[in-house]
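Below: the structure, in structure tokens.
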Amino acid sequence: MKKIHSILLAFITIILLAPYASAQTTLSADVEAARVDDIKFFVEHFYYGDIPKNLHAMATIDEIINALDEYSRYMTPDEYANYVAAVGADDIAFHDPAEPTVTSAMLYGNIGYIRITTFSANMDKAVTKHYTNLKKQGADKLIIDLRYNGGGYVESAEQLLGHFEGVKTAYEMKTREGITTVKPVPSKLKFPKQTYVLVNRYSASASEIVAASLQDQNAAIIVGNQTKGKGTIQSFFEFEDGSALKLTIGEFTGPKRAKIHRKGIAPTITCAHDEELSIIHARLVKESLAHQNYKQIDNLQNVPTNKTFHVHFTQQMNLTGANASNKVELVKVGGVAVPISIKPNGTNQLDITPTKHMQKGGQYVLVIHPGFANDAGRTTKQGIYTPITVK
């Protein structure tokens, strides 16, 4: 048997690759026969699943692969090189024209938002840099978005879990040799205790490791839809020509060992598909305003995109200048306060108009802060807010 390098670090992914398409036909008969023997060896000793009963009689790579699970496959040198490049790219170059795998934003209400599209090799460095920047901007709450994240390096999932308070176990892994408890990678940089993690039906593998671990240990709140249910781990066994065998070698669960594969993870808070961010952001904004004793007075539905809002006061007010302009905000849910123009209309009404049309189907919150002064110099003591749905 030729020297073969076995990569035992499990990559977890559902990145779509080109079909196998009988790639082994480019191999000579002798090389293919040796390759078939090598693959049989790895299947016999490492494959986690039902080993084909007629494995020893199989004569081609195709025949063996077709008898294994859907996540095991043989990859040509080009396919394997492209795969490694896809999950191993350096995503610290935040201004690269290509879409980075980690992005962030400050949402209204001092809420940090970090989106992770794949668990790449350098993901943790990127997450650390983004979260540090968010904290400098004043973020005291955090939303991590793992929607549409199909996986990547399991080590990156272990690193991400190290940022959560209360996570003692990253996951449990069952292989042919038994059950192994895997610990998170320790980190001094910790996320807020009540961090929200968004998932959906496309969140798989490493995303599910993170979600299951956090849910089992009450270390974060999982928000969204049932995840994909891809709970197996694959390892790569490299060959001298640069090709590789991607082989399922185990199954993972959360710390409480509930089955994930082909089942998925049910979120703690269930939301309509693609409304997860707006729903949880609106919830956090309302909680923050309620904590400051703001009162909800309306819930406006089917508002036109060019709506002008009218705020009426029960007495004559001083509505000129900064006294009014800095006490009104129109907040885009899932985003920040949007520009508005404010004009007094008499002595007891303000007309508030977005400088650009609001987004169709968007969710907004109109916030009126306390501190408006009347003609006698007395100021309003309680803030109010109104949720808005744009038609």
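The values are calculated or read from the model by the stated rules, or taken from the named source; none is laboratory data. Since this is a predicted model, take the numbers as computed values, not measurements. When we count neighbours, we look across all protein chains shown, and the Cβ atoms used for this are built from the backbone with ideal geometry, even at glycine.
Points to keep in mind about this one:
- Residue check, Ala324 surrounded by 13 or more Cβ atoms within 10 Å (Cβ to Cβ), in contact (Cβ under 8 Å) with a residue 24 or more places away in the chain, hydrophobic (A, V, I, L, M, F, W, C) and not assigned by TED's automatic domain parsing to the domain that holds Thr355: no
- If you filter the range 31-81 down to residues that are over 38 Å from the mean Cα position of the chain (by Cα) and under 23 Å from Gly242 (Cβ atoms), you find that the one that is surrounded by the most Cβ atoms within 10 Å (Cβ to Cβ) is Arg35.
- For the range 95-118, the tally of residues that are modelled with pLDDT under 95 and either assigned to a strand (DSSP E or B) or not assigned by TED's automatic domain parsing to the domain that holds Val185 (or both) stands at 0.
- Residues that are at pLDDT 95 or above and of a type in the set (Lys, Arg) within the range 178-232 comprise Lys183, Lys188, Lys190, Arg201, Lys228, Lys230, listed in sequence order.
- Counting only strands (runs of 3 or more DSSP E) wholly contained in the range 306-391, the ones carrying 2 or more residues that are of a type in the set (D, E, K, R) and within 24 Å of Gly112 (Cα to Cα) occupy 328-332.
- Which listed residue is among the hydrophobic types (A, V, I, L, M, F, W, C), assigned to a helix (DSSP H, G or I) and in the same structural domain as Cys271 (by TED's automatic domain parsing), from Ala204, Ala211: Ala211
- Search result, residues across the range 174-218 that are surrounded by fewer than 19 Cβ atoms within 10 Å (Cβ to Cβ) and among the small types (Gly, Ala, Ser): Gly178, Ser187
Each row is one residue, and each column tells you yes or no for (1) of a type in the set (D, E, K, R); (2) outside any loop (DSSP other than H, G, I, E, B); (3) within 30 Å of Val31 (Cβ to Cβ).
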position: Ser187; (1), (2), (3): no, no, no
position: Lys190; (1), (2), (3): yes, no, no
position: Gln215; (1), (2), (3): no, yes, no
position: Asn218; (1), (2), (3): no, no, no
position: Gly242; (1), (2), (3): no, no, yes
position: Ile249; (1), (2), (3): no, yes, yes
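- Qualifying residue in the range 148-156 (condition: part of a loop (DSSP other than H, G, I, E, B), crowded, with 18+ Cβ neighbours inside 10 Å and in contact with a strand residue (DSSP E or B) (Cβ under 8 Å, 6 or more places away or on another chain)): yes
- For the range 244-269, the set of residues classified as touching an Asp or Glu at 6+ places or on another chain (Cβ under 6 Å) and of a type in the set (Val, Ile, Thr) consists of Thr248, Thr253, Ile260, Ile265, listed by residue number.
- Flag for Glu32 being out of contact with any strand residue (DSSP E or B) (no Cβ under 9 Å at 6 or more places or on another chain), assigned to a helix (DSSP H, G or I) and at pLDDT 95 or above: no
- Odd one out for Lys129, checked against (1) within 20 Å of Ile222 (Cα to Cα); (2) among the basic types (Lys, Arg); (3) not in a loop (DSSP other than H, G, I, E, B): (1)
- Within the range 96-140, being within 21 Å of Asn200 (Cα to Cα) and of a type in the set (Lys, Arg) holds for one residue alone: Arg115.
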